[in-house]
Amino acid sequence: MRKFAASIGSLVKDRRATVDTVTAAPTPLQPIDLTDDARVAEVLDLAVRIGDLLLASGTSAMDTATQVRFVAATYGLAQCDVDVTYNSIVVSAHRGPLIPPASTMRIVHYRSMDFTRLAAADRLTRRIRLDAITPAEAHAALDAIVRAPHPYNRWVATLGWAGLAGTVAVLLGGGPLVTIVAFLTTVVIDRVNRVLNRFGLPYFFQQMTGGLIAATPATALYTIQDHLGVVIKPSQIIAAGVVVLLSGLSLVGSVQDAITGAPITASARFFEVVMMTGGIIAGVALSLRVATALGADLPVISNAAQPDLTQLPVKVVAGALASVFYALACYAERRALTAASLGGAAGLLFFVLAQSAGIGPVISSAIAATVIGFAGGLMARRSLTPPLVVAVAGITPLLPGLSLYRGLYAMLNDEVILGLTALLGAFGIGCALAAGVTLGEWGARTLRRPPRMRRTPGMRRNTTLRRPRFGRRSVVMSNSMSDAPPKVG
């Protein structure tokens, strides 16, 4: 018990993540010459490349802009205007009244999710802040992060996605057969979509293919279940596959952008989420139509049963495993797996308790996501993992795969009102999850405020009595631009 308490304490210890950076940047120990265009361009390129990596990994526009400004200010470019949109970052640095401003722009190309790369970028920002490394050293470190291969084999990631589907099937009440079928179906989905991705097939059609594959085995097994002597609920298999496909979408980032004041980026990301979800729906609908044409009618999907508290331990363990498997599929570090499991377990615990208290699924999802965001914000400081990793992994078991499938099935059977109600319910659950994560992370940041500063002419000094980590007092510039929020789209 002591060891368990010590491990929990080490996770939530006060160690601030870079996403919780203070509003002012530290005084650069080696400030660059603002009249040297080459040095200024080097710093701006470093800042915008770090922003590229963060934005491509799903970080919100506001947090990305804050980090870009922070890196630039560390090297002396304290007055920067940062404009972050859906796929571009523009930075303009003011160098004084007699020198023209320097600016740079970078187009963000989205790449595969790699939580290890995201955490490495987080640690690089820490080094820039604490060790005052030169821009050349920071560039070399960033190049190593970008060029580094995934930390483990792709088959490990495939097994992570498959494990996620299996645990989601358990959460939906599926037995061993349903769990195994969901596991194997997801292996096929992942490997097929990897092949299609190599051929450059648009992501919409990859999602459509995934939805088609998710529904086909469930329909086939339901048709021949009497011959096999088994009882199977195809909705559980299909919903598990839908959750896996939904988990790769940037739902959290889109809602965070909308809440924190980046409407253009939020609209673009949210439209992308809607389109990719439409691809999943199209694939499942195509499979169901083909099954109907062949005479295989699936059973009517009943409403979700009231949670049984006797199943609470099983659901909490399944939620923790689902979060771990998702983090594993996204190449998270081992230290992040523990934080993700605790976030997923806490989310399922509060979700089931809220449901059993008679609270609706939307509010229950918001409560659970708030707990996940808050816990992730605290644990990320000690595990040196961005809170985004814990938050996205934690809410994955709560994604509304079954509601989405129920609404689609009703629509295909001419039950328009019932179908629209279920689809809107799924939409509400998704927004509640993302909004709850945002609120929880805000609460964690507010709880762990930076040490209080006192103003002195031209700078602020840390007045705490803690020993400096690197043998020098933490000195922070008073940033005249810190009162104005960065420009984001």
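The values are calculated or read from the model by the stated rules, or taken from the named source; none is laboratory data. A quick note: this is a predicted structure, and the numbers were derived from the prediction, not measured. Neighbour counts run over all protein chains shown; Cβ positions are idealised from the backbone, glycine included. Calculation scope for accessible area: heavy atoms of the full protein, side chains included, ligands and nucleic acids excluded. Shrake-Rupley method; radii C 1.70, N 1.55, O 1.52, S 1.80 Å.
On full extension of the chain, what length is gained from Thr310 through Ala296, given 0.36 nm per residue of separation minus the C-alpha to C-alpha distance?
Extra length from Thr310 to Ala296 when fully extended: 1.5 nm.
Residue-wise, which Karplus ³J(HN,Hα) couplings in Hz belong to region 256-270, taking 6.51 cos²θ - 1.76 cosθ + 1.60, θ = phi - 60°, and x for glycine or proline?
Working through the residues one at a time gives 4, 5, 5, 6, 8, x, 10, x, 5, 5, 4, 5, 5, 5, 5 Hz.
Which order, highest average first, do 416-423, 257-264 follow once you tally other Cβ atoms within 10 Å for each residue and take the mean per peptide?
Averaged packing, sorted descending, gives the order 257-264, 416-423.
Give me the number: length gained by fully extending Ile107 to Glu137, i.e. 0.36 nm times residue separation minus the C-alpha to C-alpha distance, one decimal in nm. Intermediate results must be reported in sequence, preceding the final value.
Values: separation 30, 0.36 × 30 = 10.80 nm, distance 2.34 nm.
Result for the pair: 8.5 nm of gain on full extension.
Put Glu441, Glu333 in order of accessible area, largest first, 1.4 Å probe: what do you get?
Output order, biggest surface exposure first: Glu333, Glu441.
Using only the heavy atoms of the protein chains and a 1.4 Å probe, how would His109, His227 rank by accessible area, largest first?
If we order His109, His227 from most to least accessible, we get His227, His109.
Using modelled amide H (1.01 Å from N, peptide plane; none on Pro or chain starts), what sits under 5 Å from the amide H of Ser103, excluding residues fewer than 5 places away?
For Ser103, the qualifying residues are Ala93.
With the calculation restricted to Cα positions, what are the radius of gyration and Dmax of region 107-214 in angstrom?
Just the Cα atoms of region 107-214 yield Rg and Dmax of 18.7, 57 Å.
What residues qualify as long-range amide H neighbours of Ser88, i.e. H under 5 Å apart, gap of 5 or more or another chain, H built at 1.01 Å from N?
Under 5 Å from the amide H of Ser88: Val108.
Measuring from label point to label point, each 7 Å out along Cα→Cβ, what is the Arg289 to Ile259 span in nm?
A separation of 3.7 nm, rounded to one decimal place.
Need one number: nm distance between label points at Asp33 and Phe205, each 7 Å from Cα along Cα→Cβ, rounded to one decimal.
That separation, rounded to one decimal, is 5.5 nm.
Can you check what the Kirkwood hydrodynamic radius comes to for region 175-232, Cα pairs only, in Å to one decimal?
Every distinct Cα pair counted, the radius reaches 12.4 Å.
When the accessible area of region 362-446 is computed with all protein chains present and a 1.4 Å probe, what percentage of it is carbon and sulfur?
Heavy-atom surface of region 362-446 belonging to carbon and sulfur, 1.4 Å probe: 76 percent.
As a test question: what accessible area, to the nearest 10 Å², does Arg289 have when a 1.4 Å probe is rolled over all protein chains in place?
Only protein atoms counted, so the area is about 130 Å².
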